[in-house]
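Novice: Provided herewith is a single structure, encoded as structure tokens, for subsequent inquiry.
Please treat every number below as a calculation from the coordinates, not as lab data. These numbers come from a predicted model, not from an experiment.
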Amino acid sequence: MKKKILTLILCAGVTIGAYAQDTQKSELQQKAEAAQTVPAARYTYIRAYEDYVAKGKLQQGIECGTKAAALYSKDGLHKEAFEFLRNLDQTINAKNPNNAAALHYLVTKERLAMYMKFRKPDSAKEQLSQMETQVNQVSDEKLKNDFLYQKAIYFYSFGLNAQGDAVFKEMASKLTASKEYDKVDAVYKQLIANGRRSNNASMVAQSYNNYLAWKDSVNALKHADEIAALKKQIADNEAAIEEKDSSLTTRWVFIVGLLVLAGALTAALVVGAVILLRFILVNRKQKKTIQLANDSNALKSKFISNISAQLDPTLQKLDATKPEVKALIDFSAHIQQLSELENSDVETELEEVQIPTFCQGLMEQIRPKVKRDVNLKIEAPKMSMEMNKEYVSHILLHLLNNAAEYTPEGGTIWLEYKKRSAHTHQFLVADTGCGIPEEKREDIFKPFLEIRDLTTGDGLGLPICKQMALKMNGDLDIDSEFTRGTRFVLELHA
């Protein structure tokens with residue numbers, strides 16, 4: 001899953017800029033925006049929220065917190081999302097900032113979005129009422145415009161198109177009267193986009209018709225403004241010319257100048273149209289190229305899987321006691337396993353597992369492989385959880401075997417379990433080995449990046465573990481903040 005997680009909570013280009021404490025994003029927030037999976041982004045947004053609050057930057061903290069709640073909802077963890085939003089309100093009340101109403105507005109707006117998603121009009125209306133109370137406590141036109149937009153979205157979402165049109169026209173009229181045409185244009189486009197994302201055909205059609213009508217009226221206003229401005233400019237210039245020199249020659253120079261200006265503007269419009277047309281053509285070509293690349297990648301994956309399956313009977317006839325032959329057999333098996341994981345949509349089966357017993361059993365399996373005086377530590381509370389025992393065992397044993405190989409004499413290997421929330425669990429495997437260079441960390445989960453001597457390993461172990469984690473609706477990553485060696489984090493959602 002590629003990132004696009006960061007485009008949440010944009011409301012028609014209307015932001016609460018008057019209450020921003022610091023426009024510079026923290027490293028944790030940037031990492032959350034760059035995350036490639038929903039669980040990783042949510043986990044990092046929560047850490048960014050906690051970090052901002054600890055530093056007294058409540059505005060940025062609440063913004064990151066609402067994004068984390070939206071990602072809980074995106075993953076179907078609605079109970080956790082509402083619980084987290086309640087925690088945000090409690091944090092605001094505890095800190096009691098000057099802009100508390102504006103911050104509560106952000107939290108209430110996220111609840112409104114969730115209730116509209118659940119198609120609960122009464123609950124959504126209650127949130128809308130709270131937002132109106134909150135916005136009336138703040139002297140900020142941008143926040144009031146945002147409320148009008150949310151109110152219109154509410155009416156459109158539940159089929160109340162007439163009320164939605166009235167509210168939306170009120171907001172558009174306010175912005176149009178202040179000649180903020182670009183903002184109104186952005187609002188209409190965002191409204192249409194929201195309707196498409198929610199599959200609300202009525203909302204899309206109504207919004208598009210209103211947008212066309214507004215566009216025509218604005219074009220007329222713009223032309224009238226331009227004509228008035230030109231008339232004023234001509235009158236001013238004529239008065240100046242008349243004042244300095246009433247000769248006919250000077251007047252003709254002025255007229256010629258206006259004609260040249262008109263010609264230059266016409267040429268600029270033509271060039272702009274050519275550039276726009278070229279951009280559209282290039283964009284279509286890029287979309288086609290991406291589609292072809294995706295199709296090619298699927299065919300490549302199937303081709304590799306078929307080759308592995310066809311080679312397997314022949315490889316099984318060779319002498320498996322030879323290191324080279326065993327390496328080829330293992331490589332073929334790993335390719336087949338990775339291909340099946342990437343192309344399989346089968347849900348994993350869960351079973352109840354006692355955490356301390358499970359962790360102890362894994363550690364005992366690697367004990368004969370560790371070097372002298374290596375300390376094996378387990379930190380696991382007495383509790384149980386439902387998991388895919390086969391996949392989790394495979395991942396943790398692979399990580400522990402790697403730790404045993406790279407941890408020197410006298411070092412330490414840890415296996416920890418942590419429960420992050422009601423449905424979020426983490427296993428952490430750490431060692432005091434030489435660590436993984438930072439420039440190689442982004443590539444260790446990607447297969448087939450380099451030519452290797454297969455007798456020393458095929459490099460598919462971690463990619464297979466990564467795919468297993470994703471199949472369990474989790475993730476596997478390196479903890480970049482651990483500096484004493486290497487620490488992997490396996491996050492699972494029960």
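Novice: Quick one: 3J(HN,Hα) in Hz for the stretch 56-73, Karplus 6.51/-1.76/1.60 with θ = phi - 60°, rounded, Gly and Pro as x.
Specialist: x, 9, 5, 4, 5, x, 5, 4, 5, x, 5, 5, 5, 4, 4, 6, 4, 5
Novice: Sticking with this one: For the stretch 84-101, just list the computed ³J(HN,Hα) in residue order, Karplus coefficients 6.51, -1.76 and 1.60, θ = phi - 60°, integers in Hz, with x standing in for Gly and Pro.
Specialist: For the stretch 84-101, the Karplus-derived couplings read 5, 5, 4, 4, 5, 4, 5, 4, 4, 5, 5, 7, 6, x, 5, 9, 4, 4 Hz, x marking Gly and Pro.
Novice: Shifting gears a bit: Spelling out what I want: for every residue of the stretch 373-385, take phi, set θ = phi - 60°, compute 6.51 cos²θ - 1.76 cosθ + 1.60 (Karplus), and round to whole Hz; glycine and proline get x.
Specialist: 6, 7, 8, 9, 10, 10, 10, 9, x, 7, 7, 10, 8
Novice: Another question, if that's okay. Which links in Lys125/Lys189; Lys55/Lys419; Lys125/Lys179; Lys74/Lys120; Lys67/Lys144 stretch past 27 Å when you go from one Cα to the other?
Specialist: Lys125/Lys179
Novice: Check which residues have an amide H placed less than 5 Å from Thr412's amide H, if you skip close sequence neighbours.
Specialist: For Thr412, the qualifying residues are Asn375, Thr432.
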